[in-house]
Amino acid sequence: MTNDEIINIASETGRLLLIGGAESFRTEDTVERIGNALGLPLTCYVTLTAVMVSEKNGSKAKVIKAKPGAFNLRTVDEINTLSRALTDKKISDVEFIAQLNQIKHHIIDYPSFLKIISAGLVSMAPMLVAKATFLEYVLMFVTGLLGYLAYYLTAKRSTTPYAPEFIGGFAIGVFAILGTLINSHVTPSTIVLGAVMPLVPGLAITNALREMVRGDVISGIVRTVNSMIVLTSLAIGVWIAIELMNMI
């Protein structure tokens, strides 16, 4: 196997990890371990949207863009397990490449309807520790479900950054106000608090904090800023929707 092939394999592994939601330090460590296992010491540096791999004692390098997508921890786990098997000499380099290609072309994801229903169920979770009526639970489920549906459809059709979060927040605000028309005792803030939960980037914020704690300050700050923009887009969407509905 040539040095170029090893760099290509390692960088592709890093890309799959990054788009699956892996932390920067995990991606860098895995790429470098793969290089050592294949006989070529590598240096890897990862940002939110790119993986940079180079020979530790050479001049060859590669930069590969990685567009962040939905988190897929199953893919991260499969690649992590596969890389450890290669490092421990449990599989050959040929088997590693074959299994990596299988993971790449057969990324396991949950059906859309299951994601949408799950979003509705997650929306009810915050009020499990507080007092909420049965009607409020139903409204949180429906609002969260429809808000996530709006987010999901926008993400499928739009390439504008942060537009899906804005549209999802807007839909949540609209349906939260409509829910108060059913019962005047229902407060929109209660419904919104639950319905936004599926869209809050909790895992991204956690990864950002972990990276800063480990000393990867630049990567941690970038992820934190990205998460804050997502939260801001979501909040502005909710706020505009509520203001417009109150004016009608």
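None of the figures in this text is laboratory data; all of them are computed from the coordinates on show. Bear in mind the structure is a predicted one, so any value in this text is a computation, not a measurement. FYI the Cβ positions are ideal-geometry reconstructions off the backbone, even for glycines, and counts take in every protein chain you see.
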Item to check | Distance in nm between pseudo-label sites at residue 47 and residue 228 (7 Å out along the Cβ direction from Cα) | outcome: 1.9 nm
Checklist outcome for this item: Amide H neighbours of residue 214 at under 5 Å, excluding residues fewer than 5 places away on the same chain, with H built from the backbone geometry, are none
Checklist entry - Which residues' amide hydrogens lie under 5 Å from the amide hydrogen of residue 66, considering only partners 5 or more residues apart or on another chain, with H built in the peptide plane? => result 50, 51
Next on the checklist: P(r) for segment 112-247, please, calculated from all Cα pair distances in 5 Å bins and given in %.
Outcome noted: 2, 12, 19, 20, 18, 13, 9, 5, 2, 1, 0
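What FRET efficiency, computed as 1/(1 + (r/R0)^6) with R0 = 22 Å and r the Cβ-Cβ distance, is obtained for residue 135 and residue 246, rounded to the nearest 0.05?
Numbers: r = 21 Å, r/R0 = 0.95.
So the FRET efficiency works out to roughly 0.55.
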Item to check | In sequence order, calculated HN-Hα J values of segment 53-62 (Karplus, 6.51, -1.76, 1.60; Hz; x Gly/Pro) | outcome: 10, 9, 5, 5, 10, x, 10, 7, 8, 8
Checklist outcome for this item: Matching label for the computed semi-axes √(5λ) of the Cα gyration tensor in Å, out of [x] 24, 21, 19; [y] 43, 18, 15; [z] 29, 21, 18, is [y]
Next on the checklist: Take residue 113 and residue 239, extend 7 Å from each Cα along the Cα→Cβ direction, and tell me the distance between the two endpoints in nm.
Outcome noted: 3.8 nm
Item to check | the chain: DSSP helices with Cα axial extent of at least 15 Å and average Kyte-Doolittle hydropathy no lower than -1.0 | outcome: 3-20, 24-37, 73-87, 93-105, 112-124, 134-157, 163-180, 202-213, 217-247
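Quick one: length gained pulling residue 203 to residue 181 fully straight, 0.36 nm per residue minus the C-alpha distance? Please list the in-between numbers first.
Working: separation 22, 0.36 × 22 = 7.92 nm, distance 3.42 nm.
Additional length available on full extension: 4.5 nm.
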